[in-house]
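A quick write-up on the structure given underneath.
The values are calculated or read from the model by the stated rules, or taken from the named source; none is laboratory data. Quantities reported herein were computed from a predicted structural model and do not represent experimental measurements. Glycine gets a Cβ as well: all are built from the backbone with ideal geometry, and neighbour counts include every protein chain shown.
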Amino acid sequence: MEYEGQICRAPMERSSFMLPIMVGCSYNRCRFCNLFRHLKYRELPFEQIEAELARVKNVGGNPRRIFLGDGNAFAQKSDRLMRILDMIRQYFPECEEINMDATVTSILKRSDAELEAFYKLGVRHLYLGVESGLDDVLAFMEKDHDQGQAYEAIERLHRIGMIYDAHIMTGVAGQGRGTENARALAEFLNQTKPAHVVNFSMFLHKEVPLYQNILDGSFVPASERENLEEERCLIELLTADILYDGFHDFIEFRVRGRIPKDKEKMLARLDKVIEETPETEVYSYVQGECPALERCGGGNVWQIG
């Protein structure tokens with residue numbers, strides 16, 4: 001497979017066949033995100049998509065699970081997405097599910113009939129960038145939706161049987177607001193009941209708009225310890241049946257399990273790492289592309305070596 005840019009998908013999709021149908025992200029305005037800013041967004045031609053399906057079939061592939069890339073694949077025009085889903089069915093009729101990233105607005109712009117048609121063609125998991133439980137944070141980060149819209153979109157998905165999975169980000173509310181954000185997120189997730197929650201704790205990048213907000217003081221990043229405390233508060237308040245996976249790049253810590261079954265073990269792991277993490281203003285910061293990172297700057301930043 002020829003792939004342009006960085007491969008980005010949830011860990012639950014690591015065994016899926018990843019089929020690119022576009023390059024970059026059609027939205028690409030979240031203030032913290034640098035995954036697709038170096039790419040010029042474009043839709044891949046049908047001929048290229050079909051050639052990839054034929055290649056996989058010709059080498060004996062028969063994927064049961066397919067993930068459509070890149071960012072926000074669900075925002076494709078309905079007729080184009082329908083054609084791609086039909087094409088997948090022609091090559092792999094035994095495929096059990098087709099999954100992709102989506103935004104709240106890309107769901108709300110669909111009619112119920114369109115959502116039902118996508119479901120019949122195999123669309124099952126949509127990964128939504130929920131990020132925060134606070135409307136002012138969503139607006140500041142230019143997420144292009146508020147909580148009311150998110151509730152509406154997820155309700156429509158549940159009605160037709162689609163599964164929603166949530167991407168969240170501890171630290172997104174900034175210094176001093178971790179507990180507030182955790183409580184709001186817990187309420188939202190307990191009500192909307194995602195199958196999976198993936199938490200990528202915030203790290204900073206000099207090439208994203210948010211970095212300028214840090215320089216001018218309009219956004220003060222939380223420390224890694226504060227992010228851990230926010231995550232602990234969130235997990236403690238979650239009651240819905242959720243598979244949770246949380247990542248912290250700078251301190252190389254990951255906590256995962258099923259809530260509520262594994263909650264106490266997860267909280268114990270967090271308590272241990274919180275106790276070991278200094279209260280100083282230590283945070284993750286990337287100066288270049290993400291691979292080959294090294295700690296530098298006295299231990300409080302990362303950059304390219």
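Worth a mention:
- One residue alone among E207, E264, E231 is in a loop (DSSP other than H, G, I, E, B) and more than 15 Å from M141 (Cβ to Cβ), and that residue is E207.
- Any hit, the stretch 29-37, residues being of a type in the set (S, T, N, Q), at pLDDT 95 or above and either assigned to a loop (DSSP other than H, G, I, E, B) or exposed (fewer than 12 other Cβ atoms within 10 Å of the Cβ) (or both): no
- Exclusive hit being in contact (Cβ under 8 Å) with a residue 24 or more places away in the chain, surrounded by 13 or more Cβ atoms within 10 Å (Cβ to Cβ), charged (D, E, K, R) and closer than 22 Å to Q149 by Cβ, set D112, D101: D101
- Restricting the stretch 14-71 to residues that are free of Cβ contacts under 8 Å to residues at least 40 places away in the same chain and closer than 18 Å to L128 by Cα, the residue that is nearest to the chain's Cα centre (by Cα) is L35.
- Among the candidates G69, G5, residue that is in contact with a Pro (Cβ under 8 Å, 6 or more places away or on another chain) and either surrounded by fewer than 19 Cβ atoms within 10 Å (Cβ to Cβ) or at pLDDT 85 or above (or both): G69
- A166 being out of contact with any strand residue (DSSP E or B) (no Cβ under 6 Å at 6 or more places or on another chain) and small (G, A, S): no
- Whichever residue in the stretch 129-139 is within 21 Å of S218 (Cα to Cα) and out of contact with any helix residue (DSSP H, G or I) (no Cβ under 8 Å at 6 or more places or on another chain) and, among such residues, is surrounded by the most Cβ atoms within 10 Å (Cβ to Cβ): A139
- Residue among E94, E131, E142 that alone is among the charged types (D, E, K, R) and farther than 29 Å from N213 by Cβ: E94
- Residue check for E229: at pLDDT 75 or above, loosely packed, with under 14 Cβ neighbours inside 10 Å, more than 18 Å from the chain's Cα centre (by Cα) and of a type in the set (D, E, K, R): no
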